[in-house]
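Colleague: Below is a structure I'd like to ask you about.
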Amino acid sequence: MKNLRIKQQLNTILAFLLVPLFAWQAHADDHRPDIVFIIVDDLNDWVGCLGGHPDAQSPNIDQLASRGMLFTQAYCNSPQCRPSRTSLNHGVYPFKTGTYFNARFPKESKIQTPSMQQYFVENGFRVAIGGKVFHGGTPKIEGVAIQNRLPDPRPPKGKDNFGGLKPPNDGYPLDVKDEQMGDYKLAQWAIQQWEQVTDKPVFLSVGFYRPHRPLQVPKQWFEGFPLESIKRPAEPQDQDDWNDMPLFARQLARTHAHKPLHNGLSDHEFMVANKQWNATIQAYQASVAFVDQQIGLLLKALEENPRGRETYIVLVSDHGWHLGEKKHWCKGAIWEQTTHIPFIVQGPGISANSRCSQPVSLIDIYPSLFDFAGFDIPHWADGQSITPQLKAPETPRSPVISSYGEANTSIRTQHWRYIRYEDGSEELYDHRIDPNEWDNLAANSKFSETKKRLAKFIPTDQHAGLKVQKWIEQFQIKSD
Ligand SMILES: [Ca+2]
Ligand SMILES: [Ca+2]
């Protein structure tokens, strides 16, 4: 009897010792990393590490860039929220599905490919999605923790200048603390998700909302950008930037993502006429500094490693944003400022402070994250993994293709941007000498071979979609 009790006790002790040992062994054979994907809404290259504006304040994003690789020539697939996010989350180009605009086209193809979040959960990851990762709300995915976008405090009655169809001069210094803002609460939710200890590796997607409009953040962030010291984007000296642009491009510059004029004035004309240019730059920069701080809270928490796995952190924006460059505002164009985005990767084996100037795009997120996870890259993924550049940044890549409607296509190589619009008109810019895209070389016969070479990258079989010309006719003054 005594022996039996001793045997039972020994078994208990042995079981106690073996369980963690087996658990440890299973974990040691599982080299899958944790992956954190951060997407910021409407963030252009006005962050310190990209140098888009000399006064940008983004210490946390800059620190992430100093710990990993910054892709200095990264671009969106489409310069609006819905097409950009649909394309990047599902791994297919807008010109394959007809998902070109925030506005739906009745003949768009139903998206057939799984979102990367769905693919990760089906392949053994714990998946959590918070904030604005998808446009128009996160789709329900079985087994995925979802936190929808959290609301922000608003200015007092009569002070709120925000309206989707109004000009973007909707900045307001809120008399609230960061803790009351949706992006702060989102960071806290993401930290909680990160700190959960589970057997599975985690794939966390976190979508921060600022600097998306309305440009309303706590007033302390406005104080970092005094109105009297605001610097506007450079403009060409002694010439009108529009002089060498095709009519279609000029009409496009007057549109602002297909919205009506404001008593006959475009966003830019309104800003100039109402002296709102500097104030809107101030509000945008305050919004960037604010969101950077919230991102920093999450990045700080990611330094702890609760599951003992290696960690990849990827940070991007969904598209760029104009603040008066080319006399254009917001999104909805395929120039540098509308398409250029931050794109930073920190992870195992990636050298600190490394830079890659090969063109990459949001279409490359899907296959890259699959690559990091150790999945085979599915045949439907349109992009190319960035893993070769993480090891050798000079490894050449194909040009970036950005679409703004059927047959409005930009081709961006390391040195050139070539645009062809639906009416056949063109723009060509040499970024080695013209980073602001002021000097359109498309009409210069010296560059006809360059144009021909770049035009070969324009997809010939593009999905049907709404024509931008129709929007221009609907919303613009025809005599422009
Ligand atoms: Ca956006
Ligand atoms: Ca020009």
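The numbers here are math on the coordinates, done by the rules we state, and not lab data. Quantities reported herein were computed from a predicted structural model and do not represent experimental measurements. FYI the Cβ positions are ideal-geometry reconstructions off the backbone, even for glycines, and counts take in every protein chain you see.
Colleague: Within a 10 angstrom radius of the beta carbon, how do ARG67, ARG85, ARG104 rank from fewest other beta carbons to most? The partial results should precede the final answer.
Modeller: On the way: ARG67 19, ARG85 26, ARG104 12.
With the fewest neighbours first, ARG67, ARG85, ARG104 line up as ARG104, ARG67, ARG85.
Colleague: Report the label-to-label distance for LEU150 and GLU179 in nanometres (one decimal), using points 7 Å from each Cα along the Cα→Cβ vector.
Modeller: Output for this residue pair reads 1.2 nm.
Colleague: Multiply the residue separation of LYS157 and HIS31 by 0.36 nm, subtract the distance between their alpha-carbon atoms, and state the gained length in nm to one decimal.
Modeller: Extra length from LYS157 to HIS31 when fully extended: 40.0 nm.
Colleague: Under the rule that an exposed site lies in a DSSP loop and has at most 12 other Cβ atoms within 10 Å, name the longest stretch of the chain with no GluC sites (Glu not before Pro) of that kind, not counting the sites themselves.
Modeller: 143-302
Colleague: Right, another one. When only alpha-carbon atoms are used, what values of Rg and Dmax, in angstrom, describe the chain?
Modeller: So, for the chain, Rg and Dmax equal 24.2, 103 Å respectively.
Colleague: Let me ask you something else. Counting DSSP beta bridges in the chain, what percent are antiparallel, to the nearest 5?
Modeller: In the chain, DSSP labels about 45 percent of beta bridges as antiparallel.
Colleague: Could you work out the local net charge near GLU336, counting Lys and Arg as +1, Asp and Glu as -1, over the other residues with Cβ closer than 14 Å to its Cβ?
Modeller: After counting each charged neighbour, the total is -3.
Colleague: Treating cross-link reach as a plain straight distance, find the aspartates and glutamates whose alpha-carbon is under 15 Å from the alpha-carbon of LYS132, omitting any fewer than eight places away in the same chain.
Modeller: Result set, ordered by chain and number: ASP41, ASP42, ASP152, ASP183, ASP318.
Colleague: Related question: Within the chain, which whole H helices from DSSP have a Cα span along their axis of at least 24 Å and a mean Kyte-Doolittle hydropathy of -1.0 or more, if any?
Modeller: Membrane-span-like by this rule: 2-29, 277-302.
Colleague: Neighbour counts of other C-beta atoms within 10 Å: give me ILE39, ILE141 arranged from fewest to most.
Modeller: The fewest-first ordering by Cβ neighbours comes to ILE141, ILE39.
Colleague: What aspartates and glutamates sit close enough to LYS451 to cross-link, taking a C-alpha to C-alpha distance under 13 Å and skipping anything fewer than 8 places away on the same chain?
Modeller: Result set, ordered by chain and number: GLU426, GLU427, ASP430.
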